[in-house]
Amino acid sequence: MAKIPFNKPAYIPESEDYVSQAIKSGHLSGDGPFTKRGSALLESLTGARKALLTTSCTHALEMAAILLDLQPGDEVIVPSFTFVSTVNAIVLRGAKPIFIDIRPDTLNLDETQLEGLITPRTKAIFLVHYAGVSCEMDIINQIAEKHQIRVVEDNAHGLFAKYRGKNLGTLGVMATQSFHETKNISTGEGGALLINDPRLIERAEIIREKGTNRSRFFRGMVDKYTWVDIGSSYLPSEMIAAMLLAQLEAAQQIQTRRKQIWETYFEELSGWSTANGIRLPFVPDYCEHPAHIFYLLMPNLEVRTRFIEWMGAHEILSVFHYLPLHLSDMGVKLGGRPGDCPITEDVSDRLVRLPLFFDLSDSQLAYVIETAKSFKL
């Protein structure tokens, strides 16, 4: 194991107390007191109309695809530079992902290419706020409204981030959150679906509860519950919700430390990176990022490979990120070809991520920076 891991979930002591309370309560299935408290706090922190906790961000994306009634023959525009869950949610409904390239600065989908990819079959845009830096939401939403298509934010990286003063996760018809162990707020596995269109809330509750109207039953709105729609078991246990509540209550503490680490990286590595043709993250002035990822864009794949080896030799785990989905085995089956998304293909070969987690000490941070700066290109 590396002396300094790439990631370590934030330890919040209150989580043990909350999980213990959940266990002792005898209510371990979902939608108990901790689910309700965690959902309410997430709604308060994000400003979303409704937050439904899920077992993962992957499942939240699947719920979003069902809520959009994606069908075979429908098309959904999605960046190739993303995690496979974003695209799987589309493909599982029989719809076709239309891969779009990214901007070279923010690494978000290139909004200037959107209209050229829209056809009469385009049903939605699934966008990703890479590293929690917002996509160009004003332009994207204008285009979507013009063509009457829906926007879903894959906001796995962007909890607590903002675009022109507005919270990410509230700028599309729906948004998905991840609480995977690699995220700022972590329950090991877990996620949430944020719903900003109130017309979708009741059906979302049904889909999340295996296609039944169980939520309406427990609110006393029906005298028994039954199967009314398609759905699956997307509801997390009370133990996961208990962990989430503790993490959300400590969010300011977690975010403050992560931002200190991110800003130290940026300040200390700026001169070295400029001198060596290495690019640091770009954040537009009108965006507030959540210090989720600190990455370096190396000059080429060969340098990136040697850098990762150099860090590893000094017991520091640094990692690359997404491979282009349009060039994956599944992506090629769906029609992807080399050259379709040239920026994605280039960035994927050059990007490397540095350790960034709440418990990273000042001495560890200094050691990572010192080791990086001693790397010879």
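The values are calculated or read from the model by the stated rules, or taken from the named source; none is laboratory data. Nothing here was measured: the structure is a model prediction, and the numbers come from that model. Quick reminder, even Gly has a Cβ in these numbers, built from the backbone with ideal geometry, and neighbours come from all protein chains shown.
Would you confirm whether any residue within the stretch 54-72 is of a type in the set (D, E, K, R) and over 25 Å from the mean Cα position of the chain (by Cα)?
Checked against the condition, which is being of a type in the set (D, E, K, R) and over 25 Å from the mean Cα position of the chain (by Cα), the stretch 54-72 yields no hits at all.
Filter the stretch 68-107 down to the residues that are surrounded by fewer than 22 Cβ atoms within 10 Å (Cβ to Cβ), within 29 Å of Thr35 (Cβ to Cβ) and in contact with a Lys or Arg (Cβ under 9 Å, 6 or more places away or on another chain) and list them by number.
Matches in the stretch 68-107: Asp69 only.
If a residue has to be loosely packed, with under 14 Cβ neighbours inside 10 Å and in a helix (DSSP H, G or I) to count, how many in the stretch 270-290 make the cut?
Selection size over the stretch 270-290: 4.
Inspect the stretch 297-320 for any residue being within 15 Å of Val133 (Cβ to Cβ) and not in a helix (DSSP H, G or I) and give the result as yes or no.
Yes, the stretch 297-320 has at least one match.
For the stretch 181-215, enumerate the residues that are without any contact (Cβ under 8 Å) to a residue 24 or more places away in the chain and charged (D, E, K, R).
Correct list: Arg199, Glu202, Lys210, Arg214.
May I ask you to verify whether Ile293 is touching a residue at least 40 places away in the same chain (Cβ under 8 Å), closer than 25 Å to Gln177 by Cβ and of a type in the set (A, V, I, L, M, F, W, C)? Walk me through how you get there before you give the answer.
Numbers: touching a residue at least 40 places away in the same chain (Cβ under 8 Å): yes; closer than 25 Å to Gln177 by Cβ: yes; of a type in the set (A, V, I, L, M, F, W, C): yes.
It is true that Ile293 is touching a residue at least 40 places away in the same chain (Cβ under 8 Å), closer than 25 Å to Gln177 by Cβ and of a type in the set (A, V, I, L, M, F, W, C).
Would you pick out the residues in the stretch 216-249 that are basic (Lys, Arg) and in contact with a helix residue (DSSP H, G or I) (Cβ under 9 Å, 6 or more places away or on another chain)?
First, pick out the residues of the stretch 216-249 that are basic (Lys, Arg): 216, 219, 224.
Answer for the stretch 216-249, where residues must be basic (Lys, Arg) and in contact with a helix residue (DSSP H, G or I) (Cβ under 9 Å, 6 or more places away or on another chain): Arg216, Lys224.
Would you mind telling me which numbered condition in (1) in contact with a helix residue (DSSP H, G or I) (Cβ under 9 Å, 6 or more places away or on another chain); (2) over 18 Å from Tyr234 (Cβ atoms) Pro198 fails?
Unmet for Pro198, out of (1) in contact with a helix residue (DSSP H, G or I) (Cβ under 9 Å, 6 or more places away or on another chain); (2) over 18 Å from Tyr234 (Cβ atoms): (1).
Before we move on, is Leu377 surrounded by fewer than 20 Cβ atoms within 10 Å (Cβ to Cβ) and either in the same structural domain as Lys162 (by TED's automatic domain parsing) or at pLDDT below 95 (or both)?
It is true that Leu377 is surrounded by fewer than 20 Cβ atoms within 10 Å (Cβ to Cβ) and either in the same structural domain as Lys162 (by TED's automatic domain parsing) or at pLDDT below 95 (or both).
Suppose we filter Leu70, Leu53, Leu41, Leu45 for residues that are touching a residue at least 12 places away in the same chain (Cβ under 8 Å) and more than 21 Å from Glu249 (Cα to Cα); which single one remains?
On inspection, the qualifying residue turns out to be Leu70.
Quick one: in the stretch 295-354, of everything that is in contact with a His (Cβ under 9 Å, 6 or more places away or on another chain) and either of a type in the set (D, E, K, R) or assigned by TED's automatic domain parsing to the domain that holds Val84 (or both), which residue is surrounded by the fewest Cβ atoms within 10 Å (Cβ to Cβ)?
That would be Arg337.
Within the stretch 242-256, does at least one residue satisfy the condition of being loosely packed, with under 15 Cβ neighbours inside 10 Å and touching a strand residue (DSSP E or B) at 6+ places or on another chain (Cβ under 6 Å)?
no
What about Glu267, is it part of a helix (DSSP H, G or I), within 18 Å of Thr106 (Cα to Cα) and out of contact with any strand residue (DSSP E or B) (no Cβ under 8 Å at 6 or more places or on another chain)?
Against the criterion (part of a helix (DSSP H, G or I), within 18 Å of Thr106 (Cα to Cα) and out of contact with any strand residue (DSSP E or B) (no Cβ under 8 Å at 6 or more places or on another chain)), Glu267 does not qualify.
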